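Student: Right, I'll just put the structure down here and ask away after.
The values are calculated or read from the model by the stated rules, or taken from the named source; none is laboratory data. Keep in mind that this is a model prediction, so the values were computed, not measured. Heads up, the Cβs are rebuilt from the backbone with ideal geometry, glycines too, and the neighbour counts pull from every protein chain shown. When the accessible area is computed, the model is the full protein with side chains, heavy atoms only, and any ligands, DNA or RNA have been set aside. Shrake-Rupley method; radii C 1.70, N 1.55, O 1.52, S 1.80 Å.
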Amino acid sequence: MNIPSLLDAQRRYFASGATKSIKQRLLILKRLRESVKRHETAIHDALYTDFKKPVYESIASETGLVLRELDHAIKKLEFWVRPKKVKGSMLNFPARDYTYYEPYGVTLIIAPWNYPFQLAMTPLIGAIAAGNTAVIKPSELTQATSQILDIIISEVFASEYVCVVQGAIPETTELLAQRWDYIFFTGSVFVGKIVAQAAAKHLTPTTLELGGKNPCVIDNTVKVSLVAKRIVWGKFLNAGQTCIAPDYILIHSDIKDQFLTALKEELGKAYGENMATSPDLARIINAKNFDRLVAMLEGEVVVIGGQVDRDQLYISPTIVDNPSLDSLVMQDEIFGPILPVIPYETQRDIEQIIDRYEKPLSGYVFSRKRSFSNWFLHRFSFGGGAVNDTIIQFINEELAFGGVGNSGAGSYHGKHSFLAFSHEKSITRKSNLIDLPMRYAPYKGKNKVLKFALKWL
Ligand code: NAD
């Protein structure tokens, strides 16, 4: 595919105004919905082919979420696009103030492999709802899903409107060399910096959805079995390959042993005695990531799990007891089914550990004491999170989803996706009925009145 000519075609299409028509936006979102519904089983099959993702998880975290986002956008679009009246300033009297929502134009969406359908489609819904064109670059590591995504997109859109460009680093590099009006990137911090540099060349605005080392803090007031159940679900969903999964546990030392026993019980309940045969555990995406994860286990005290099978790209849910903070498993984001559990005594211990890392994408705290959870929420900076649960913040499209600092910039989901892909244009509509003389030269003798007006109006 010739990328510069694809971009030219999209630029011309955007300039024609076709993508701005509200009727057109609604129509195409509905057609997209129909197409996703029609290909639902094929999408689930593709996700299974790519990394044995269980169908339940595909519905919950891929197709189901995308359909919800589509329904939400279809229902709300006419309200979102309407210019919003803003409280006016008496300094401009008589006038009325508004926010208009303007599409950026030609946008680029780069997606990762871990939720390969949802993380390409959800930003796209925002891009279309806001009236842009889009080029989607899905991950090269999930070939089957990228293929079905391509089929759906070419079924619904002309390529001058939305198009999928398949490929790996060379293709993404070529895409990034072009001038875009907006870039939406989901992936690693490393590639996020490459994207930000490419965007800076043209002063292109970006949303960067990156990762981090997400802490999960548990104090000694909790009901341990319930906490263990919720953590097992959030951590081992997608085999731990989730950007907002708890990365490591900090638990009050009084209940650490009890917690480890509860984790073992919950893992047994969820995945059976022989977890390798469970149909509910996805596989590691490729050998490179498998080797990276297995290397993290070297020299560690593995108290649960630890079974690995390179041919099957299988790593069992694995709990590592109290690793050194200098160990490999405590260096970078784990992004796999390995969970370190570290005991603490005081809040100062928690601070010393979490403060070692860059601001993560999410943070979790389990406690029955509101003062403790409030302390956690106010003391640490992270993209978003939950109190007494994991991951669920992602599900509510009313909540903005995004990182902070090293875990990203900008946010999306629901209306926030529409806003991410829109320029908020501030407009003051001035009346011609009266024209107060105050602001015009000559200024002589007007300073006092000006100061009064700035202070009191
Ligand atoms: P990645 O950064 O390796 O790849 C993401 C995309 O960038 C892919 O489409 C890939 O083809 C492209 N890419 C890779 N290397 C490139 C290069 N050198 N130059 C240009 N493009 C390049 O990420 P990944 O391995 O696919 O996904 C895992 C990472 O994504 C984790 O760090 C995870 O935390 C993060 N993530 C974040 C979110 C979020 O919503 N914030 C969601 C999912 C994943």
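Student: Does Arg348 meet the test of being assigned to a loop (DSSP other than H, G, I, E, B) and either out of contact with any Phe, Trp or Tyr (no Cβ under 7 Å at 6 or more places or on another chain) or modelled with pLDDT under 95 (or both)?
Tutor: Values: assigned to a loop (DSSP other than H, G, I, E, B): no; either out of contact with any Phe, Trp or Tyr (no Cβ under 7 Å at 6 or more places or on another chain) or modelled with pLDDT under 95 (or both): yes.
In short, no.
Student: Are there any strands (runs of 3 or more DSSP E) wholly within the stretch 95-152 with 3 or more residues that are more than 12 Å from the ligand (Cβ to nearest atom) and open to solvent by 20 Å² or more (accessible area, probe 1.4 Å), and if so which? Explain how you work it out, then say what you get.
Tutor: Numbers: elements: 95-103, 106-110, 133-137.
Where strands (runs of 3 or more DSSP E) fall fully within the stretch 95-152 and carry at least 3 residues being more than 12 Å from the ligand (Cβ to nearest atom) and open to solvent by 20 Å² or more (accessible area, probe 1.4 Å), they are 95-103.
Student: Tell me, please, whether a residue that is in the same structural domain as Gln331 (by TED's automatic domain parsing), in a helix (DSSP H, G or I) and either under 27 Å from the mean Cα position of the chain (by Cα) or of a type in the set (Asp, Glu) (or both) can be found in the stretch 246-262. Can you show your working first?
Tutor: Taking the stretch 246-262 as the starting set, the residues that turn out to be in the same structural domain as Gln331 (by TED's automatic domain parsing) are 246-262.
Subset that is in a helix (DSSP H, G or I): 253-262.
Now drop any that are not either under 27 Å from the mean Cα position of the chain (by Cα) or of a type in the set (Asp, Glu) (or both), which leaves 254, 257.
Yes, there is a match, as at least one residue in the stretch 246-262 is in the same structural domain as Gln331 (by TED's automatic domain parsing), in a helix (DSSP H, G or I) and either under 27 Å from the mean Cα position of the chain (by Cα) or of a type in the set (Asp, Glu) (or both).
Student: Considering (1) open to solvent by less than 40 Å² (accessible area, probe 1.4 Å); (2) in contact with a strand residue (DSSP E or B) (Cβ under 6 Å, 6 or more places away or on another chain), say which one Ala18 fails and leave the rest.
Tutor: Unmet for Ala18, out of (1) open to solvent by less than 40 Å² (accessible area, probe 1.4 Å); (2) in contact with a strand residue (DSSP E or B) (Cβ under 6 Å, 6 or more places away or on another chain): (2).
Student: Quick check on this structure: which one of Lys229, Lys193, Lys269 is assigned to a helix (DSSP H, G or I), within 16 Å of the ligand (Cβ to nearest atom) and open to solvent by 40 Å² or more (accessible area, probe 1.4 Å)?
Tutor: Details: Lys229 fails: within 16 Å of the ligand (Cβ to nearest atom); Lys269 fails: within 16 Å of the ligand (Cβ to nearest atom).
Step by step, each of Lys229, Lys193, Lys269 is checked, and only Lys193 is assigned to a helix (DSSP H, G or I), within 16 Å of the ligand (Cβ to nearest atom) and open to solvent by 40 Å² or more (accessible area, probe 1.4 Å).
Student: Would you confirm whether any residue within the stretch 343-365 is among the acidic types (Asp, Glu), closer than 27 Å to Asn114 by Cα, touching a Pro at 6+ places or on another chain (Cβ under 9 Å) and assigned by TED's automatic domain parsing to the domain that holds Leu267?
Tutor: No, that holds for no residue.
Student: Quick one: which residue in Thr99, Thr63, Thr49 is over 28 Å from Pro170 (Cα atoms), touching a helix residue (DSSP H, G or I) at 6+ places or on another chain (Cβ under 8 Å) and polar (S, T, N, Q)? Before you say what the answer is, go through the steps one by one.
Tutor: Numbers: Thr99 fails: touching a helix residue (DSSP H, G or I) at 6+ places or on another chain (Cβ under 8 Å); Thr49 fails: over 28 Å from Pro170 (Cα atoms).
Result: Thr63 is the single residue among Thr99, Thr63, Thr49 that is over 28 Å from Pro170 (Cα atoms), touching a helix residue (DSSP H, G or I) at 6+ places or on another chain (Cβ under 8 Å) and polar (S, T, N, Q).
Student: In addition: Just give me the residues in the stretch 153-186 being open to solvent by 20 Å² or more (accessible area, probe 1.4 Å), more than 15 Å from the ligand (Cβ to nearest atom) and not polar (S, T, N, Q), in sequence order.
Tutor: Once the filter is applied, which keeps residues that are open to solvent by 20 Å² or more (accessible area, probe 1.4 Å), more than 15 Å from the ligand (Cβ to nearest atom) and not polar (S, T, N, Q), the stretch 153-186 yields Glu155, Ala158, Glu160, Arg179, Asp181.
Student: Could you identify the single residue in Val308, Val387, Val365, Val320 that is in contact (Cβ under 8 Å) with a residue 40 or more places away in the chain and surrounded by 15 or more Cβ atoms within 10 Å (Cβ to Cβ)? Before you say what the answer is, go through the steps one by one.
Tutor: Values: Val308 fails: in contact (Cβ under 8 Å) with a residue 40 or more places away in the chain; Val387 fails: in contact (Cβ under 8 Å) with a residue 40 or more places away in the chain; Val320 fails: in contact (Cβ under 8 Å) with a residue 40 or more places away in the chain.
One residue alone meets the criteria, Val365.
Student: Okay, moving on. Within the set of pairs 6 or more residues apart or between chains, which connect a residue that is closer than 17 Å to Lys30 by Cβ inside the stretch 77-90 to a residue that is open to solvent by less than 60 Å² (accessible area, probe 1.4 Å) and among the basic types (Lys, Arg) with Cβ atoms less than 7 Å apart?
Tutor: Leu77/Arg25
Student: Being farther than 18 Å from Leu208 by Cβ, touching a Ser or Thr at 6+ places or on another chain (Cβ under 8 Å) and open to solvent by 80 Å² or more (accessible area, probe 1.4 Å) is true for just one of Leu436, Leu450, Leu457. Which residue is that? Working first, answer last.
Tutor: On the way: Leu436 fails: touching a Ser or Thr at 6+ places or on another chain (Cβ under 8 Å); Leu450 fails: touching a Ser or Thr at 6+ places or on another chain (Cβ under 8 Å).
None of the other options fit; the residue is Leu457.
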